[in-house]
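A short write-up of the structure that comes next.
The values are calculated or read from the model by the stated rules, or taken from the named source; none is laboratory data. What you are looking at is a predicted structure, and each value in this text was computed from that prediction instead of being measured. In this analysis, Cβ positions are derived from the backbone assuming ideal geometry, glycine residues included, and neighbour counts consider all displayed protein chains. With ligands, DNA and RNA removed, areas are computed over all heavy atoms of the protein, side chains included. Shrake-Rupley method; radii C 1.70, N 1.55, O 1.52, S 1.80 Å.
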Amino acid sequence: MKLSSLATRDPAITHHNPPHQIPLVAASSFVFDSIEQGIDIFDGQAPGHIYGRFGNPTVDAVAAKIAALEGYGLEEPCYGLFCSSGMAAIATTLIAVCQEGHKILTHGDLYGGSSSLIDRLATQGIQRIDTDIRNSEDVEDKLSEHPDVCVVYVETPSNPTLRCADLSYLADLAHHYGALLVVDNTFATPIVQQPLNHGADIVIHSTTKYMNGHGTGIAGAIVCRDEALFEERLKPVYRLYGGSGNAWDAWLVLNGLKTLPLRMERHSENAQRVAEYLLQRDKVRQVNYPGLPDHTDCATIGRQMKLHGGMLSFDLHGGLEAGKQFMNRLKFCTLTPTLGDVDTLVLHPATMSHRGIPRDVRLAHGITDGLIRLSVGIEAIEDILDDLDQALTGLPA
Ligand SMILES: *Cc1c(COP(=O)(O)O)cnc(C)c1O
């Protein structure tokens, strides 16, 4: 041991028997035993790490796990990248697969950030086209009308109206017209739905939500089936645009993934109970939940969703005033604009996530003044129902 406190290559830390849990490796760069080994790692001829922005043991471990979960059941392995946020995952993907002159076919009820990002790509010469993604004729008309569509970009279930699009059908159509199907699977998680198994080319996550599950960090992920698409398009953009995730967030998501299947079962069970309870309340005009038998997309849901997830929304008869009063009356549920945590979280789109969107546009997408979005948590169901009950009961008739 040298006297210098700056000595970094301590064999006691790096070469003893490994810890049981995947360690949190906080390092910006990695050491080569020799110049020959360095050359081999740089050339991709030997396994190993180079520089933190390209990869890191903790970051790569979580990317591989998410890829394995999304690709479960497929014959060939999938490829994963862990990103600094869900938005970084989306931006990396769209920049990697679209060029000037290309178009993106998508739908109006997207996550707000994704919607604004796709609008902003117009400055790079990439045009957005909206369609009713659940209407196959509409989608096919748009694809045949616009041969430059390179990506069909879909969220299902959608936010906050929980509409569901038929992934197998969209994948076939997209491929027929030479486009890729990119699916944001944040709301569902691979426990509920695996878009790659239904023909999607790329899956995106905001792991900030269910995968982390505890509201402790911002991160995202990209999973892709095709090796050439991954190596030649996605990986260079990931490395060069600076959207790679950090080890701390990777480590938090690794912890979250251990309980993801258990949590998704409980989220789904609780959300089903809440949806059925809300249906019986006369102050509630409509309930949107994929687990309700009269959901408008129930045939699609039956084909592609294994559980129904923890997200639901409902519309109050009293409109904006009722929506605001309901939010203020809640004591147990938390008013916050995120989703997918173990706690029950509630959002009023008209005054929160969608307040910047003109009212007529919002209404056209089913986002009414009295719409409430619930991310149903995994708490005791009685606690959730009691709180919703007292908040509804206190609303004027
Ligand atoms: C939150 C969210 C995003 C953005 O993810 P960040 O981690 O906040 O960057 C994208 N899509 C959906 C569906 C989301 O809910």
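Note on region 235-251: residues that are within 17 Å of His214 (Cα to Cα) and under 16 Å from the mean Cα position of the chain (by Cα) amount to 2. No other residue among Gly71, Gly86, Gly108, Gly52 is under 24 Å from Phe30 (Cβ atoms) and not hydroxyl-bearing (Ser, Thr, Tyr) apart from Gly52. The helices (runs of 4 or more DSSP H) found entirely in region 119-208 that carry 1 or more residues being in contact with a Phe, Trp or Tyr (Cβ under 7 Å, 6 or more places away or on another chain), open to solvent by less than 50 Å² (accessible area, probe 1.4 Å) and within 16 Å of the ligand (Cβ to nearest atom) are 189-192. Counting only residues that are assigned to a loop (DSSP other than H, G, I, E, B) and either charged (D, E, K, R) or in contact (Cβ under 8 Å) with a residue 60 or more places away in the chain (or both), region 268-293 holds 5 of them.
Which one is nearest to the ligand (Cβ to nearest atom), of the residues in region 98-114 that are open to solvent by 10 Å² or more (accessible area, probe 1.4 Å) and assigned to a helix (DSSP H, G or I)? So, considering only residues that are open to solvent by 10 Å² or more (accessible area, probe 1.4 Å) and assigned to a helix (DSSP H, G or I), the one nearest to the ligand (Cβ to nearest atom) is Gly113.
Residues are listed down the side, and each one gets a yes or a no for (1) part of a loop (DSSP other than H, G, I, E, B); (2) open to solvent by 30 Å² or more (accessible area, probe 1.4 Å); (3) out of contact with any helix residue (DSSP H, G or I) (no Cβ under 7 Å at 6 or more places or on another chain); (4) among the basic types (Lys, Arg):
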| site | (1), (2), (3), (4) |
| --- | --- |
| Pro337 | yes, yes, yes, no |
| Gly340 | yes, no, yes, no |
| Val346 | no, no, no, no |
| Ala350 | yes, no, no, no |
| His354 | yes, no, no, no |
| Leu363 | no, yes, yes, no |
| Gly366 | yes, no, yes, no |
| Arg373 | no, no, yes, yes |
| Glu379 | yes, yes, yes, no |
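So, Ile95, is that one open to solvent by less than 10 Å² (accessible area, probe 1.4 Å), on the phi < 0 side of the Ramachandran plot and within 16 Å of the ligand (Cβ to nearest atom) or not? Answer is no for this residue.
Residue by residue, here is whether (1) out of contact with any strand residue (DSSP E or B) (no Cβ under 6 Å at 6 or more places or on another chain); (2) in a helix (DSSP H, G or I); (3) more than 18 Å from Glu227 (Cα to Cα) holds:
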| position | (1), (2), (3) |
| --- | --- |
| Ala26 | yes, no, yes |
| Gly38 | yes, yes, yes |
| His49 | yes, no, yes |
| Gly55 | yes, no, no |
| Val62 | no, yes, yes |
| Ile66 | no, yes, no |
| Leu69 | yes, yes, no |
| Glu76 | yes, no, no |
| Gly80 | no, no, no |
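Checking the structure you have, find out if any residue of region 290-308 is within 16 Å of the ligand (Cβ to nearest atom) and either surrounded by 17 or more Cβ atoms within 10 Å (Cβ to Cβ) or within 30 Å of Ser168 (Cβ to Cβ) (or both). Yes, there is a match, as at least one residue in region 290-308 is within 16 Å of the ligand (Cβ to nearest atom) and either surrounded by 17 or more Cβ atoms within 10 Å (Cβ to Cβ) or within 30 Å of Ser168 (Cβ to Cβ) (or both).
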